[in-house]
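Undergrad: Below you will find the structure I want to go over with you.
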Amino acid sequence: MAWCEAQAGVDYLFGLPVNAALRRDPVIATAADACAVRRAERGLLAHRTHCETRYAANSWGEAERRVIARIEATTLGLDIRTIVTSLTGSAPERLYEFDYCARGQAENLIKLHKTQLKSDRTSCSSASANQLRLILHTAAYWLLWTVRQAIPEGAALKRAEFATLQCRIVKIGARVVETATRIRVAFASACPDKALFAEVLRRLLDRPAVRPQAP
């Protein structure tokens, strides 16, 4: 953080572990109490709010920095998360929910690439062979990302993970009949996702090529 502040035009937005001093901070403590009371008064399962304060950890010396707290009250109690930033001019909610949490989506995409598409299986004896395997895993990522983007909003699988899409959309049984002018795919009458499959295929054929979101 000190290095960023010493450079011209370099800002930062980092996660900050919550400690006892932050929990005792008057601004955060007051906002947390109000959040819990509001949840209880309205009978909500959960209620979320945001606030900001100035904080200086012992390791920071005398430097006070902008700290934003995301406070969520549930039936299980209070959950407080904090971030520290040099950015100004944006509301605490905006910085936490849209700017900071965007990095969580990137981590989710990396997880899909690594764990569900097995891109960590680079067990060949040569680097070139492992590189080729990684390219194939990335091609699988591109395929499933494109399929998920083509699923209509509101569909149950719109936010599904890749492993679910593989089981529901890709690894399904059907009879394929190829003629000179078309390829027909016949599903079983009990197939639960045949209508969705047809809609996704139609959208993929109609849409221009898109660049997938990098993991």
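Read the figures in this text as sums done on the coordinates, not as results from a lab. Small disclaimer: the values here were computed from a predicted structure and weren't measured. Note that we place each Cβ from the backbone using ideal geometry, even for glycine, and neighbour counts take in every protein chain shown.
Undergrad: If the only charges are +1 at each Lys and Arg Cβ and -1 at each Asp and Glu Cβ, what is the size of the charge dipole of the chain around the Cα centre, to the nearest 20 debye?
TA: I would put it at about 1100 debye.
Undergrad: I would also like to ask the following. Under a cut-off of 18 Å between alpha-carbon atoms, report the lysines in cross-link reach of K111, not counting same-chain residues fewer than 8 places apart.
TA: Partners within reach: K158.
Undergrad: Return the long-range amide H neighbours of V18 (sequence gap of 5 or more, or a different chain), with a cut-off of under 5 Å between placed amide H atoms.
TA: T82
Undergrad: What is the distance, in nm, between label points placed 7 Å from the Cα along the Cα-to-Cβ direction at L44 and at R24?
TA: 2.9
Undergrad: ³J(HN,Hα) across region 162-176 via Karplus (A = 6.51, B = -1.76, C = 1.60, θ = phi - 60°), whole Hz, x for Gly/Pro?
TA: 5, 4, 5, 4, 4, 6, 8, 10, 9, 8, 10, x, 7, 9, 9
Undergrad: Quick one: what Rg and Dmax do you get for the chain from the alpha carbons, in Å?
TA: Final numbers for Rg and Dmax: 24.2, 77 Å.
Undergrad: Calculate the FRET efficiency for A2 and Q149 from the Cβ-Cβ distance with a Förster distance of 45 Å, rounded to the nearest 0.05.
TA: Rounded to the nearest 0.05, the efficiency is 0.65.
Undergrad: Something else about it: Among Q105, T88, N130, whose Cα sits farthest toward the positive end of the charge dipole of region 66-154 (+1 at Cβ of Lys/Arg, -1 at Cβ of Asp/Glu, about the Cα centre)?
TA: Working it through, the farthest residue towards the positive pole turns out to be N130.
Undergrad: Dipole of region 107-206, Cα-centred, from +1 at each Lys and Arg C-beta and -1 at each Asp and Glu C-beta, to the nearest 20 debye?
TA: 180
Undergrad: Treating the Cα atoms of region 107-206 as identical point scatterers in vacuum, please give the log10 of the normalised Debye intensity I(q)/I(0) at q = 0.14, 0.17, 0.19, 0.25 Å⁻¹, two decimals.
TA: The Debye formula, applied to the Cα set alone, gives -0.66, -0.87, -0.99, -1.31.
Undergrad: Projected onto the charge dipole of the chain (+1 at Lys/Arg Cβ, -1 at Asp/Glu Cβ, origin at the Cα centre), which of G61, I183, F197 gives the Cα projection farthest towards the positive end?
TA: I183
Undergrad: I've got another one for you. Taking amide H positions as placed in the peptide plane 1.01 Å from N, state which residues far from Y55 in sequence (5 or more) or on other chains have amide H under 5 Å from it.
TA: Under 5 Å from the amide H of Y55: R65, V67.
Undergrad: Separate question: What nm value, rounded to one decimal, do you get for the distance between E161 and T74 when each label is placed 7 Å out toward the C-beta?
TA: In this crude spin-label approximation the distance works out to 1.7 nm.
Undergrad: Ok, one more. Using a/c under 1.5 as the rounded threshold, could you call region 2-95 rounded, prolate or oblate? The axes a ≥ b ≥ c are square roots of the C-alpha gyration tensor eigenvalues, and prolate needs a/b larger than b/c, oblate otherwise.
TA: Cα axes put region 2-95 in the prolate bin.
Undergrad: I would also like to ask the following. Work out the length of the dipole vector of region 44-107 about its Cα centre, built from +1 on the beta-carbon of each Lys and Arg and -1 on the beta-carbon of each Asp and Glu, and round it to the nearest 20 debye.
TA: The calculated dipole for region 44-107 is roughly 40 debye.
Undergrad: Residue by residue, what Karplus-based ³J(HN,Hα) values in Hz, rounded to whole numbers, does region 10-15 have, using 6.51, -1.76 and 1.60 with θ = phi - 60° and x for Gly and Pro?
TA: 10, 10, 9, 8, 10, x
Undergrad: Quote the FRET efficiency, to the nearest 0.05, computed for C191 versus A139 with a Förster distance R0 of 25 Å and r equal to the Cβ-Cβ distance.
TA: That gives a FRET efficiency of 0.45.
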